[in-house]
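Report on the following structure.
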Amino acid sequence: MESEPKAMATVNVDDGFLPKFTPAFLKQYGRESLFVRTLSDYYTIGLARMYEAHGMLTSPHTVALFSTESAVKLLADWFRSVDGAKQTALQESMGALPVGSLEALVDKTLGIGRFAEWLTWLNENASPNPTSDGIRQPADGSPKPSM
């Protein structure tokens, strides 16, 4: 498996985390799935916020986002409900843990089948608002807000 620190050292906000997700992870969940795109955005937004806090964010308008604001909020809320889920998801997506690790953690914590139920719930409850190029924009078409 790929070492997480090596992969993390090459992530930037202009590309986002999506290009760093392993082929096995993308195959398991689908590269274009709402879950995969939202997971990428969750970590990319976190990195962009850190850059911004340290005066290192060149432009919030170039941050690569592929999902919706509502989906990222739902994922963040869900991560708070399962201890270790945020870290496990990152490690699984980058190849430091085997594919299925997050599902196993969630199902062990909340009950068998809960991860699959959550994926369905995410797809049913996240309101769509991406642009054709995958970059999230406000519904009124105004420029993307800063992180």
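The values are calculated or read from the model by the stated rules, or taken from the named source; none is laboratory data. Just so we're clear, the structure is a prediction, and the values are computed from it rather than from any experiment. With ideal geometry, Cβ positions are generated from the backbone for all residues, glycine too; neighbour counts draw on all protein chains shown.
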(message) If Ala71 satisfies all but one of (1) crowded, with 16+ Cβ neighbours inside 10 Å; (2) out of contact with any Asp or Glu (no Cβ under 8 Å at 6 or more places or on another chain); (3) within 17 Å of Gly16 (Cβ to Cβ); (4) at pLDDT below 95, what's the number of the condition it fails?
(response) (2)
(message) Which of the numbered conditions does Tyr43 fail, given that it passes all the others? Conditions: (1) surrounded by 17 or more Cβ atoms within 10 Å (Cβ to Cβ); (2) under 19 Å from Ala116 (Cβ atoms).
(response) (2)
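Considering only the range 15-22, I want to know if a residue exists there that is under 12 Å from the mean Cα position of the chain (by Cα) and on the phi > 0 side of the Ramachandran plot. Explain how you work it out, then say what you get.
First, the residues of the range 15-22 that are under 12 Å from the mean Cα position of the chain (by Cα): 16-21.
Narrowing further to those that are on the phi > 0 side of the Ramachandran plot: 16.
Taking every residue of the range 15-22 in turn, at least one turns out to be under 12 Å from the mean Cα position of the chain (by Cα) and on the phi > 0 side of the Ramachandran plot.
Of all residues in the range 96-126 being among the small types (Gly, Ala, Ser) and buried (at least 20 other Cβ atoms within 10 Å of the Cβ), which is nearest to Phe21 (Cα to Cα)? Don't jump to the end; show me each part of the working.
Within the range 96-126, the subset among the small types (Gly, Ala, Ser) is 96, 100-101, 104, 111, 113, 116, 126.
From what's left, buried (at least 20 other Cβ atoms within 10 Å of the Cβ): 96, 126.
On the way: Ala96: 11, Ala126: 22 Å.
If we take residues in the range 96-126 being among the small types (Gly, Ala, Ser) and buried (at least 20 other Cβ atoms within 10 Å of the Cβ), then Ala96 is nearest to Phe21 (Cα to Cα).
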